[in-house]
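One structure below.
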């Protein structure tokens, strides 16, 4: 794999930002790490970070590079600060950056497939929310989306009795009002059509966001929306996410498998 830390100027944000990218390296294999690269432009996974992290965190705290090496899969990890992947009420346009600018920038810098069946998104915590939101708002772009310990019911997180969203973060992202319809993943699921991508929801049963995933799945069951579910022992930590991202990669509908 090629590991690239890319610093670039974002027109949507009006400021320089960063992303970390893993690219398949044809024929390059190290001891214990087989390499692979398919003919043509590689499929791509957009992998999103959580509230307290940045674009480097997946490569620092998991074995994501080793996991994707034999798959011929590119991985794009953008940086969005504490934005909940939104166009902030009192901040910057991180949703516009993520959903519109980032894919175009990546395709201009790197050779990546533009096919829906080759495009996937996943994330943890805040990033799990962002991944599901992106996939449900733009189902024509993604074949699959995965949430690990996702904040999938942010509306209820505003006044949660034990684990609310930080009021300062809420004010920056959504102002003093409720979550807009297009930022509510539960509502997006309720309104989604049959063109939605495949969905995967994982969460540890000891995780403080477990009830968010359960709420999301309750709506999915009422709507007869198929979701691959992975619940079991685990907390809101990197030991859990390192194991689950490996499971997500095994689940992705990659061509040629």
Next item on the list: Could you please tell me which pairs satisfy a Cβ distance under 8 Å, a separation of 6+ or placement on different chains, a first residue in the range 205-219 that is on the phi > 0 side of the Ramachandran plot and assigned to a helix (DSSP H, G or I), and a second residue that is modelled with pLDDT of 95 or more and crowded, with 16+ Cβ neighbours inside 10 Å?
Entry: none
Item checked: Filter pass, residue 176 being without any contact (Cβ under 8 Å) to a residue 60 or more places away in the chain, surrounded by fewer than 16 Cβ atoms within 10 Å (Cβ to Cβ) and over 20 Å from residue 57 (Cβ atoms) -> yes
Check: Out of 108, 99, which single residue is in contact with a helix residue (DSSP H, G or I) (Cβ under 9 Å, 6 or more places away or on another chain), part of a helix (DSSP H, G or I) and closer than 23 Å to residue 16 by Cβ?
Finding: 99
Item checked: When residues of the range 35-65 are limited to those that are part of a helix (DSSP H, G or I) and more than 22 Å from residue 135 (Cβ to Cβ), the one modelled with the lowest pLDDT -> 65
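One line per residue, one yes/no per condition, for (1) in contact (Cβ under 8 Å) with a residue 60 or more places away in the chain; (2) more than 23 Å from residue 41 (Cα to Cα); (3) surrounded by 24 or more Cβ atoms within 10 Å (Cβ to Cβ):
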position: 107; (1), (2), (3): no, no, no
position: 120; (1), (2), (3): yes, no, yes
position: 135; (1), (2), (3): yes, no, yes
position: 141; (1), (2), (3): no, no, no
position: 144; (1), (2), (3): yes, no, no
Check: If you check 122, 143, which single one turns out to be within 17 Å of residue 51 (Cα to Cα) and touching a helix residue (DSSP H, G or I) at 6+ places or on another chain (Cβ under 7 Å)?
Finding: 122
Note to self: Go through (1) part of a helix (DSSP H, G or I); (2) within 24 Å of residue 178 (Cα to Cα); (3) touching a residue at least 40 places away in the same chain (Cβ under 8 Å); (4) touching a helix residue (DSSP H, G or I) at 6+ places or on another chain (Cβ under 8 Å) for residue 128 and report which single condition fails.
What the structure shows: (4)
Item checked: Cβ pairs under 8 Å, 6+ apart, first in the range 1-25 and free of Cβ contacts under 8 Å to residues at least 12 places away in the same chain, second in a strand (DSSP E or B) and surrounded by 18 or more Cβ atoms within 10 Å (Cβ to Cβ) -> 7/17; 9/17; 16/10
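The values are calculated or read from the model by the stated rules, or taken from the named source; none is laboratory data. These figures come from a predicted structure and were not determined experimentally. For neighbour counting, all protein chains shown are included, and Cβ atoms are generated from backbone atoms with ideal geometry for every residue, glycine included.
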